[in-house]
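Trainee: Following this message is one structure expressed as structure tokens.
The values are calculated or read from the model by the stated rules, or taken from the named source; none is laboratory data. Worth saying up front: this structure is predicted, and the values here are computed from it rather than measured. With ideal geometry, Cβ positions are generated from the backbone for all residues, glycine too; neighbour counts draw on all protein chains shown. What goes into the accessible areas is simple: the full protein's heavy atoms, side chains included, and nothing from ligands, DNA or RNA. Shrake-Rupley method; radii C 1.70, N 1.55, O 1.52, S 1.80 Å.
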Amino acid sequence: MKKFNIRKVLDGLTATSSSSSAAAQPGAPRENDAVQETLQSEHFQLCKTVRHGFPYQPSSMAFDPVQKILAVGTQTGALRLFGRAGVECYCQHESGAAVIQLQFLINEGALVSALADDSIHLWNLRQKIPAILHSLKFNRERITYCHLPFQSKWLYIGTERGNIHIVNVESFTLSGYVIMWNKAIELSTKTHPGPVVHISDNPMDEGKLLIGFECGVVVLWDLKSKKADYRYNYDEAIHSVAWHHEGKQFVCSHSDGTLTTWNVRAPAKPAQIITPHGKQPKDGKKPEPCKPILKVEYKTTRAGDPFMVLSGGLSYDTLGRRACLTVMHGKSTAVLEMDYPIVDFLTLCETPYPNDFQEPYAVVVLLEKDLVVIDLGQIGYPIFETPYPLTIHESPVTCCEYFADCPAELIPALYSIGSRQKRQGYSKKEWPISGGNWGQGTQSYPEIIITGHADGSIKFWDASALMLQVLYKLKTAKVFERARSKEEKPSTDIVEEDPFAIQTLSWCPESRMLCVAGVSAHVIVYRFSKQEITTEVVQLLEVRMQSEFSEVDSPDPGGEQTPTLPTPGAPPSPQETEVPTQPSTGNSSSDGPRDNIPCLQVRSSPLKQSPGYQVELVIQLVWVSGEPPQQITSLAINSSYGLVVFGNSNGLAVVDYLQKTLLLNMGTSELYSPSDPYQRQPRSPRKARQPSGALCDSNDGSNTSEDRCKSPTSGSTSPCNSDDERKQKFIEKVKFKSRRFSKTVANDFDAKDNSFTRSRSSSVTSIERESREAISSFHFCESYPRKTDSVVGPGVLVGTTQGSVMMVALSLPPGGDQRQQQPVGISSCGTLVRLKGGILTMAMLDSTGTLLPPSYEPWYDPNASDEEKEKSRRRRPASPPSSQEGQDSQFAVLCSEKQAKVVAMPSQTCIYKHNITETSFVLRADVVQMAGANFIACFCANGHIMTLSLPSLRPLLDVNYLPLTDMRIARTFCFSNLGQALYLTSPTEIQRITYSQETCDNLQEMLSELFTPVETPEAPNRGFFKGLFGGGAQSLDREDLFGETTAGKASRSLAQHIPGPGSMEGMKGAASGVVGELARARVALDERGQKLGELEERTAAMMASAESFSKHAHDMMLKYKDKKWYQL
């Protein structure tokens, strides 16, 4: 355990590290004041834990009917596996190529994936983190379709050239048996049949393979005789084929919206042709063509009519109609509309055997942005309630906060009110994807994630024990009037889309007070109540925050505050300022500049507020002399003081939400006292440092001065001179964004990725805008506001984008009725310290290095009886002791984009300083707790995650984790206590990581298991007569047919075998099954052979090297043989 003595440091012992230095200052603490630091580097390790949310850009899907596990592949090569609620797994193909098809080895704990780069991979699912056992990369042919029959080890692979290759899934070697396209089709056919779009074996005869070619030709291939039994021709392209379980009929779906049913022994013409969505003409002509039926499934039942499920096939006159899934059962046809386009669907059946009655019970529909499971067993086909957190992206996420180890009663309280918000009409049955087991995690502390969204909604999530479940959803837009059409949109909007989007939020878990800031320069304060109320008039406060540049010439600060606002001591009125109703100011600038008008209209009708978060106060910034209000850049709430403080590029405002009054409205420059050495005059701008009035889209393009050459529609830049210049521009843009000036609001999904959403009007010049110093951070504390103070008092630390930290002292009236009537006193105490870069986070420690959290008021229900309120309303006592003369008893911890400092209080002496980064800048920093100690956690724009001890700022961890390639990561990255952190890795997914060694060590136990040993159901009974006379399922000895002895070896140049990273280790865990023992032995032999081969190659290389050396030595000897010593 290392001890740090402040006195020694202050006596002039400076740290040897070039990046960490401690400055010697007078006023040192006494010698016995040593802070013991327990955290060491070995307490830290970084690793990913779990990924939650909907798989981004899904492309394929598979289901194991025995294990009851669902696999989803994506266009970026990701693989997501789902079991019962809480059982989820994420893995990634290294190549990042799209997953075109997935096939489970049913009940074997293995999965085959086929990728768009013509590689196939075998995944072992018997370990908690799945690993690839084998890969096979095709060199000369493109993979279009795969089929693995149930309980078979031979995988059929169809290609773009129309050929079919066969792979042994145990060894991942190709068989010499190949079905060539020219053998499969008729010799008289003059054209190529196109790629293979379907392969399946006859359910009743494994020796017969049905091959569908794109052009419309279907071939029934006899594997033993190596020739085609039947060929079925139709003049429309085929998209999919499905068998009847008896193997006598199959159905094809076509590009003209038709379904053709064929009898196996009657290839001349289809037994039936139907167009499910086509209009039938009366004169007997062919129905009008429809859109292609992309997929059809044909499932039989013992008791009634078969089910035919299909996607697509709608008539062309339904252009505006959403994607549909059609379920045909007997004479009824149900058309189920989906919210998004259909990627794939699967019918879930009771049996894994294709030659038995299928008994379908559900349909899993994979949509572009959702997963829907339909209950086929209930009238009306209701959907199941999804137990997974797939609605993170319901509206794009604009901000994110993470609270680990929060009060235990919070989750039950949020869950109880959130459960009332649930939709009705779901299926009554259990969720059918029910495989896997939960992990045996020992971590039981409560964790909550809060996400803010573009539509103004806020979601609270239970994130405990590596799971994620939505608890409660709050809609902040309810407070405002909504424009019914584009024409009605007020011209005072400062954003064109998503005016209610959440920009930042401040939450006090202990008091349950919530404060949110939106992009339309509005702040809403919420209280938590378990009782429903109706608010007749929403309390409104309008604040006029003026640009400090307009007051540079005049010392009179009269323009800073709205004249109609009451004096601090005035009693609160129901609505502090009436919204101006003059149409001239709000509608057109020709009648005069817009003035005193907020961006949004607060609703005038009574507001019914359900149990949960209820509006206490709405604060709106107003237009000032034709200038739109600047967006809010930082925000904090304190329940103990009853105050909300927020700031932007104009300055800061302090609001008393108990008295509903504005206490302070001050420009940033006025926070510096006249004698302050750090006071600055406006100067030339630093590029991309300060906010423009622009809101930005999903690519975070912002119209800062260096981006003026961009087209607002295309987002294309003028030609850059070099990659370095382009990179520098990106970094500047990230830097600009990192201070939360205008967090992304626009939809991450849309095609308008490069378009800009601009502010409506702003006559402020870019120079003025960018040279402004904005407020970037707040921290409520009980400390020593001035150097001369000997007693702690309430205050607010204020950090700015140019690195200044100021202290604002608060004077609070006594509690009870006096708090409601007497004014709160506020005074600025000038600058505390200056850092490089904008201030990101601040905190206070006591003399022992323990964190001093802001004081809070315990939660009470505002709508409960007065007696109950008084019981719970006891302000948490302030813990810091008084300072004795000449002794510091607190540390202020300050972290900026470039450095961290620890300042002793009240002497305001900087005792530790650490330069975090020289070449990059910090995007997110938090003071967090782990293993009973505090430290600073930082995420840099260069991808490094770092931790610094407190108070000495020793570097404990520095890992290059994630290069910043996406603004979304910068916007949503956040650290929490106990070594937890998260960020949005895609518009739909949250990635959680840990930087705690203990969590990394226990991760295997905490993760859920995908594979559970389950008996494979018994094969269907053949029956006495079928056994006697034949007619049952015909088996086939595929080993004899496709093995090396019969079929020979495949061409080596066709495909390359790549052993996977998990090959040997994974096989150790694999129990004996169809693949098990043989595969293990084969892999061991393969690896041994490989090692022997490598040894042989190495020996040959050494021999060649020795021979070369010998030759050179001989040549040298001949060269100098006859020369004298002076000729050398």
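Trainee: If you roll a 1.4 Å probe over the stretch 110-257 with all protein chains in place, what percent of the accessible area is carbon or sulfur?
Mentor: Its accessible area is 48 percent carbon and sulfur atoms.
Trainee: Provide Tyr641, Tyr353 ordered by accessible surface of protein heavy atoms (probe 1.4 Å), highest first.
Mentor: Tyr353, Tyr641
Trainee: Using R₀ = 45 Å, calculate the FRET efficiency as 1/(1 + (r/R₀)^6) where r is the Cβ-Cβ separation of Asn915 and Ser790; round to 0.05.
Mentor: 0.85
Trainee: Using θ = phi - 60° and the Karplus curve 6.51 cos²θ - 1.76 cosθ + 1.60, what whole-Hz ³J(HN,Hα) does each residue of the stretch 216-231 get, with Gly and Pro shown as x?
Mentor: x, 8, 10, 10, 9, 9, 8, 5, 6, 7, 6, 8, 7, 7, 9, 10
Trainee: Could you tell me what fraction of 2.2 N^0.38 Å the Cα radius of gyration of the stretch 892-1042 comes to, as a two-decimal ratio?
Mentor: The reported ratio for this selection is 1.90.
Trainee: Also, quick follow-up: Which three semi-axes in whole Å describe the equivalent ellipsoid of the stretch 502-543, each the square root of 5 times a Cα gyration tensor eigenvalue, listed largest first?
Mentor: Semi-axes (√(5λ), whole Å): 19, 17, 8.
Trainee: Then there's this: Out of residues 5 or more away from His134 or on other chains, whose amide H comes under 5 Å of its own, with H placed 1.01 Å from N in the peptide plane?
Mentor: Leu122, Gly1060
Trainee: Pairs Lys48/Lys459; Lys459/Lys901; Lys227/Lys248; Lys183/Lys285: which are spaced more than 25 Å apart, C-alpha to C-alpha?
Mentor: Beyond 25 Å: Lys459/Lys901; Lys183/Lys285.
Trainee: Give the Rg/Rh ratio for the stretch 90-146, taking Rg as the radius of gyration of the Cα atoms and Rh as the Kirkwood radius, to two decimals.
Mentor: Taking Rg over the Kirkwood Rh, I get 0.96.
Trainee: Now for a separate question. Please calculate the 1.4 Å probe accessible area of Cys89, with all protein chains present, and give it to the nearest 10 Å².
Mentor: 20 Å²
Trainee: One-quarter of the Cα convex hull surface for the stretch 324-374, in nm²?
Mentor: If I average the Cα hull's projected area over directions, I get 4.0 nm².
Trainee: Quick one: what are the phi-derived ³J(HN,Hα) couplings along the stretch 347-353, Karplus 6.51/-1.76/1.60 with θ = phi - 60°, whole Hz, x for glycine and proline?
Mentor: Once θ is set to phi - 60°, the couplings for the stretch 347-353 become 8, 8, 10, 5, 10, x, 7 Hz.
Trainee: Largest first, what is the accessible-area ranking of Leu840, Leu310 with a 1.4 Å probe?
Mentor: Leu840, Leu310
Trainee: How much accessible surface does Arg482 have with a 1.4 Å probe, in Å² rounded to 10?
Mentor: Solvent-accessible area, nearest 10 Å²: 150 Å².
Trainee: Using amide H atoms built 1.01 Å from N in the peptide plane, name the residues 5+ places from Thr258, or on other chains, whose amide H lies under 5 Å from its own.
Mentor: Ile293
Trainee: Hey, if we sort Met1102, Met844, Met1116, Met467 by accessible area with the 1.4 Å probe, largest down, what's the order?
Mentor: I get Met1102, Met1116, Met467, Met844, largest accessible area first.
Trainee: Write down the Kirkwood hydrodynamic radius of the stretch 294-431, to one decimal in angstroms, obtained as one divided by the mean of 1/r over all alpha carbon pairs.
Mentor: Averaging 1/r across every pair of different Cα atoms and inverting gives 17.7 Å.
Trainee: Indicate the gyration tensor shape class of the stretch 150-273 (rounded, prolate or oblate), computed on the Cα atoms with a ≥ b ≥ c the square roots of the eigenvalues: a/c under 1.5 is rounded; otherwise a/b larger than b/c is prolate and the rest oblate.
Mentor: prolate
Trainee: Just the accessible area per residue of the stretch 336-439, please: how many Å² with a 1.4 Å probe?
Mentor: On a per-residue basis, the stretch 336-439 sits at 42 Å².
Trainee: Given the pairs Lys68/Lys279; Lys137/Lys224; Lys68/Lys478; Lys530/Lys660; Lys128/Lys429, which are separated by over 30 angstrom at their Cα positions?
Mentor: Long pairs (Cα-Cα over 30 Å): Lys68/Lys279; Lys68/Lys478.
Trainee: Using modelled amide H (1.01 Å from N, peptide plane; none on Pro or chain starts), what sits under 5 Å from the amide H of Asp229, excluding residues fewer than 5 places away?
Mentor: The answer is Leu220, Trp221, Asp222.
Trainee: What's the local net charge at Pro389, with K and R +1, D and E -1, over the other residues with C-beta under 15 Å away?
Mentor: For residues surrounding Pro389, the net value is +1.
Trainee: Could you order peptides 656-668, 297-309 by the average number of other Cβ atoms within 10 Å of their residues, highest first?
Mentor: Packing order, densest peptide first, comes out as 656-668, 297-309.
Trainee: At a probe size of 1.4 Å, how large is the accessible area of Asp958, to the nearest 10 Å²?
Mentor: For Asp958, solvent-accessible area is about 90 Å².
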